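The values are calculated or read from the model by the stated rules, or taken from the named source; none is laboratory data. It should be emphasised that the depicted structure is a prediction, and the values quoted were computed from it without experimental measurement. Cβ coordinates were reconstructed from backbone atoms using ideal geometry, including for glycine residues, and neighbour counts include every protein chain displayed. Just the protein is used for accessible areas: all its heavy atoms, side chains included, with ligands, DNA and RNA removed. Shrake-Rupley method; radii C 1.70, N 1.55, O 1.52, S 1.80 Å.
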Amino acid sequence: MKFKSLLLAGAFAALMSGTAFAQVSVKVGVLNDRSGLYADLSGEGSVIAARMAVEDFKAADKGIKVDIISADHQNKPDVGSTIARQWYDQDGVDVIMDVPTSSVALAVNQITKEKNKIFINSGAAASDLTGSACSPNTIHWTYDTYALAQGTGGAMVKAGGDTWFFLTADYAFGHALERDTAAIVTKNGGKVLGAVKTPFPGTDFSSFLLQAQASKAKVIGLANAGGDTINSIKQAGEFGIVAGGQKLAGLLVFITDVNALGLQTAQGLVLTESFYWDTNDQTRAWSDRFAKLNGGKKPSMVQAGVYSGLLHYLKAVEATKSKDPTVVMAKMKELPTDDPLFGKGKVREDGRKMHDMYLFEVKKPSESKGPWDYYKQIAVLPAEQAFRPLSEGGCSFIKK
Amino acid sequence: MFELLGIPPQALFGQVLLGLINGSFYAILSLGLAVIFGLLNIINFTHGAQYMMGAFVAWMGLNYLGLNYWAALVLSPIVVGFTGVVIERLLLKRIAHLDHLYGLLLTFGLALIVQGLFRNSYGSSGLPYQIPPQLAGGHNLGFMFLPNYRGWVVIASLVVCLATWFMIEKTKLGAYLRAATENPTLTQAFGINVPLLVTLTYGFGVALAAFAGVLAAPIYSVNPNMGADLIIVVFAVVVIGGMGSILGSIITGFSLGLIEGLTKVFYPEASATVIFIIMVLVLLVKPAGLFGRTA
């Protein structure tokens, strides 16, 4: 009799807690480039990564109902802002994920703060997101221009590349990347000889490359991304710039770019990323699952960042049993981060996600075993070294 | 040594040459548009997508069939030109008697569909295509390093442009074509098969776009958006040159490439807009374009 009532009580409690849990339902909006030059490195792949996060977290079993919606911001700040406002105001979106293209990310950052929601950025690079434009509602997850500059820029200067000329994509991201890299170059005793701002997106970079060539700088820093980087590297090879002794620094090169360039053209390129699919058993297993859902294409670090970021958000929702942005955000900053892709880390006060960054070199065609086998790791940058120190960011809500 | 606005003349030479190279793409593409507009009165917005298809067919030929660059240079325009023939017979023919706007919308829609299909299958970041070994490397001209391939692009497009001009202006076939442009009904009355002429002209215009696409494949990334980025500029070139003017489109193509190239040196930030500024100025002064005739 006693046993029976215990069982009943237990069942009742489970039922109650079940219904209590089920009350948390969150809506996630994945906002990125689904048709333009960043579509391969974010796009549908980021949505797949988000779905995988929900699946792996077993959200339904934990009583959290997750809806994922997505949209194309076309790399235009006005389009991105309109979608973000509509999502927050009418569609009940709680958290916006991804948002590559820094100019769009900065706009969404502002709107999210205004509406007091949560923005977990994976795709954009501008370090301003946790610096001059920082917001208590934003987490910058995967990488930033400061870390890229530290990684690739620092390595190039150490290897003797002490004079630089920049090819800079003419928008928020390019400007931030040039600024952060120039700072690292000068700090390490190098000199910046000049820079040219190229219209975004561009196709023909030969004219700008010729100007870079004429500058006689030892290193040509490519402060651009995606299709712009692909075209500049391709054309630099064509104009004999590398053969002439100048080195190219691809300051932001994604694995999808290397895939598009082909190893023949990309070999020897040094680049910085926070995630590579072939790092350990866990990343390989996850990436295999991802590739099956993504037409055989391996994940970029941006897509991996969406997975990892959403996983952490769901953990915070579970722990607080709430989706109140202030409560969840506090929890996200309090809980250490831990997932199979980025390992252990944390979210810093100013919204910077802290994890190690890796310096890779692109393999020669002879070293590669097949498609997507592209990188050799040459160094690990510990998080504290890779990212800008909290005190230097100039974030307004951080007490000095 | 004198300097022009802080640019040494040697560097300037290099930039002028680069401008010409880019101009050759504008020339060949705007020529195709001009030919099509001249006879069909269709503003062919699919042109960019057909240029992209040209590059993709070259890539497919290499990767699926092992066809090299030279084979692609011949085959790709034929294959893509044939799809043009199909499009003309199936779709454009049905709206031939309607206003320009219908053709524009139809071809624009087609372009979006084609680009979407390619993006779905091949992604947006592009595919690698190497420069053919015969044209790899380059020459040091003293003032600049000229890749052999770029030299080839200028020569190839000049030859194609001039041959097209010659064919249209100086041959019997060209005379039929021009007659059909002036007055299709009367030309047909003389026993010339005008509908066939129209179909072939569209196919030819499209083939020109595909030819430019193959030329572009080794130097720009082969990706589904490559045409969309270019086509707007090319339309501006056509408008500046005067819709339907053959020689006009060739000359404007090269000279605007040149102007754009120089802007990249003096004020790079404006290089994406300079052509449109010129377009506005030209339209204010000569609404029919530099070489166009007012109807």
- Item | Failed item in (1) within 14 Å of chain A (Cβ to nearest Cβ); (2) open to solvent by less than 50 Å² (accessible area, probe 1.4 Å); (3) at pLDDT 90 or above, with B:Gly138 passing the rest | (3)
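A quick yes/no check of all residues on (1) more than 14 Å from chain B (Cβ to nearest Cβ); (2) open to solvent by 30 Å² or more (accessible area, probe 1.4 Å); (3) polar (S, T, N, Q); (4) touching a residue at least 60 places away in the same chain (Cβ under 8 Å):
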| position | (1), (2), (3), (4) |
| --- | --- |
| A:Gln235 | no, no, yes, no |
| A:Glu238 | no, no, no, no |
| A:Ala243 | no, yes, no, no |
| A:Leu248 | yes, no, no, no |
| A:Ala266 | no, no, no, yes |
| A:Tyr276 | yes, no, no, yes |
- Query: Among (1) outside the structural domain of A:Glu44 (by TED's automatic domain parsing); (2) more than 22 Å from A:Ser132 (Cβ to Cβ), which single condition is A:Leu311 missing?
  - Reply: (1)
- Message: Go through (1) modelled with pLDDT under 95; (2) in contact with a helix residue (DSSP H, G or I) (Cβ under 9 Å, 6 or more places away or on another chain) for A:Met354 and report which single condition fails.
- Response: (1)
- Item | Criterion violated by A:Arg284 - all others in (1) modelled with pLDDT of 95 or more; (2) assigned to a helix (DSSP H, G or I); (3) closer than 22 Å to A:Pro100 by Cα; (4) of a type outside the set (Asp, Glu) satisfied | (3)
- Item | Residues (modelled with pLDDT of 95 or more and open to solvent by 10 Å² or more (accessible area, probe 1.4 Å)) located in segment A:292-317 | A:Lys292, A:Leu293, A:Lys298, A:Leu311, A:Lys315
- Item | Selection count, segment B:167-197, where residues are open to solvent by 30 Å² or more (accessible area, probe 1.4 Å) and part of a helix (DSSP H, G or I) | 18
- Quick check: is even one residue across segment B:236-256 assigned to a loop (DSSP other than H, G, I, E, B) and either of a type in the set (Ser, Thr, Tyr) or within 14 Å of chain A (Cβ to nearest Cβ) (or both)? yes
- Item | Count - residues of segment A:89-112 that are open to solvent by 10 Å² or more (accessible area, probe 1.4 Å) and under 22 Å from A:Leu314 (Cβ atoms) | 3
- Check whether at least one residue in segment B:17-28 is away from chain A (no Cβ under 14 Å), open to solvent by less than 60 Å² (accessible area, probe 1.4 Å) and farther than 25 Å from B:Phe266 by Cβ, and report yes or no. yes
- Scan segment A:191-233 residue by residue and report those that are facing chain B (nearest Cβ under 7 Å), surrounded by 24 or more Cβ atoms within 10 Å (Cβ to Cβ) and among the polar types (S, T, N, Q). A:Thr198, A:Ser206, A:Ser207, A:Asn231
- Quick one: B:Ile155 ticks every box in (1) without any contact (Cβ under 8 Å) to a residue 40 or more places away in the chain; (2) open to solvent by less than 60 Å² (accessible area, probe 1.4 Å); (3) more than 10 Å from chain A (Cβ to nearest Cβ) except a single one, so which number is it? (2)
